Amino acid sequence: MVLLKKKAQIVAKVEAVSGTAETSFTSADVIQNAFDATLQPSFEQIERPQQGGFGQFADVVGFRSGTATFRVELNGDGAGTAPSWAETLLPACGMKQTGEAFATTAEPVGSNLKTLTICHYQDGRRMILCGASGTFNLVAESGKIIGLEFTFTGKYKDTDDAGLITVAYSDANKPLRFANVTMTIGSWSPCVQSLSIDQGNSVILRECQTSTDASGYVASLITDRKTMLTVNPEAVLVASNDTYGQALSGAETAFSLVIDDGVDEVNIAAGAVSKVNPQQGDRNGVVTDDLQLKVLNDSWSITWSAA
């Protein structure tokens, strides 16, 4: 039987017990409009050479892990509240939910942060990760749809046969575009063509002999974070904004990005960022100052509200 790539789903469910795979999934667990999905197992192959010659015994598989990647569109739900994908995915990426706001936090999995069971359904076949935590990169280009590219690391559970989950797909809540956007870096409102926000989570798998499955791991865990913003603003005079002087001094300033489609609003904010190693660039004959902004104090958030 041929499996068609387009007939696929990404399903993600918060685990009641971190590292213990969920086994029952419904349409509510399907991440709608998840694009470019893959789930790649990673098996540690322990070689066993024969003695007295060049032969090999069959390998023994050691650690069993995997990585799931996919992209979702940034959107609202038409009512000023966070979409369901955000409520599932962001707490597994180190962001605590309070109402419609998600803010970074440095703590283990518990009441605020979660691990996920993630399934990739492929036209009748299903691959499963559990105990998964992740990171993401928000990518925006002027005039285009804003997307979040997720990478989750977890324990490989198994591959079995399972049909697609019946779900009523909806396109009612359109994705937000990088247009009609207000962005400020301190008191400066630059004109940029692109923006990326790399969440920068360090995700490990906890090794433990008492794990109750064959993976060799308990679950994943976020152990560190370095969030970087990359922007390419049009250059301005020093009198308007001293980009290079601020980079040299290590000046700290706030960052704000407000995206509004007339119905939903998404506000991305960091309490303090610093400019890192700006480089002169060129965009269609216009001078740019390509730079990175390092988020300081691990303090930034994404908040949904009504426009």
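The values are calculated or read from the model by the stated rules, or taken from the named source; none is laboratory data. Here the structure is a predicted model, which is why all the values come from computation and not from measurement. For neighbour counting, all protein chains shown are included, and Cβ atoms are generated from backbone atoms with ideal geometry for every residue, glycine included. The accessibility values were calculated without ligands, DNA or RNA, using every heavy atom of the protein model including side chains. Shrake-Rupley method; radii C 1.70, N 1.55, O 1.52, S 1.80 Å.
What the table shows:
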item	result
Taking the convex hull of Cα positions in the range 103-251, its mean projected area over all directions (nm²)	13.3
The chain: relative contact order as a whole-number percent, Cα under 8 Å and 6+ apart	19
Calculated FRET efficiency for the pair Val263/Glu234, C-beta based, R₀ 30 Å, to 0.05	0.50
R0 of 41 Å, Cβ-Cβ distance Gln279-Asp123: FRET efficiency to nearest 0.05	0.35
The range 1-123 - charge dipole about Cα centre, Lys and Arg +1 at Cβ, Asp and Glu -1, debye rounded to 20	220
Ratio Rg/Rh [Cα only; Rh per Kirkwood] for the chain	1.04
Spin-label pair Ser299/Lys96, simplified geometry with 7 Å Cα→Cβ offset, distance in nm	1.4
Gain in span if fully extended, Lys5 to Ala106, counting 0.36 nm per residue against the direct Cα distance	32.6 nm
Sequence ranges 135-141, 3-9, ranked by mean other-Cβ count within 10 angstrom, highest first	135-141, 3-9
Rough spin-label spacing in nm, given labels placed 7 Å along Cα→Cβ, for Val14 and Ser189	3.7
Rg/Rh for the range 164-307, where both radii come from Cα atoms and Rh is the Kirkwood radius	1.10
Relative contact order for the range 1-82, counting Cα pairs under 8 Å that sit 6 or more residues apart, in percent	25
Dipole axis of the chain (+1 Lys, Arg; -1 Asp, Glu on Cβ), positive-most option in Ser84, Ile118, Phe54	Phe54
The chain - accessible surface per residue (Å², probe 1.4 Å)	49
Cross-link partners of Lys226 among lysines (Cα-Cα below 21 Å; sequence separation of 8 or more within a chain)	Lys96, Lys114, Lys275, Lys294
Whole-Hz couplings from phi, Karplus 6.51/-1.76/1.60, listed for the range 142-154; x for Gly and Pro	3, x, 9, 5, 7, x, 10, 9, 9, 10, 10, 10, x
Theoretical gain in end-to-end length, Gln51 to Glu141 [0.36 nm per residue, Cα-Cα removed]	26.5 nm
Relative contact order, percent, the range 129-262 [alpha-carbon distance under 8 Å, six or more residues apart]	30
Rg/Rh (Cα only; Kirkwood hydrodynamic radius) as it applies to the range 1-75	1.16
Accessible area of the chain belonging to carbon and sulfur atoms, whole % at 1.4 Å probe	50
Nearest-0.05 FRET efficiency for Glu87 and Asp36, computed from C-beta distance (R0 35 Å)	0.95
Point-charge dipole on Cβ atoms (K/R +1, D/E -1) for the chain, about Cα centre, debye to 20	460
Theoretical gain in end-to-end length, Tyr169 to Val60 [0.36 nm per residue, Cα-Cα removed]	35.0 nm
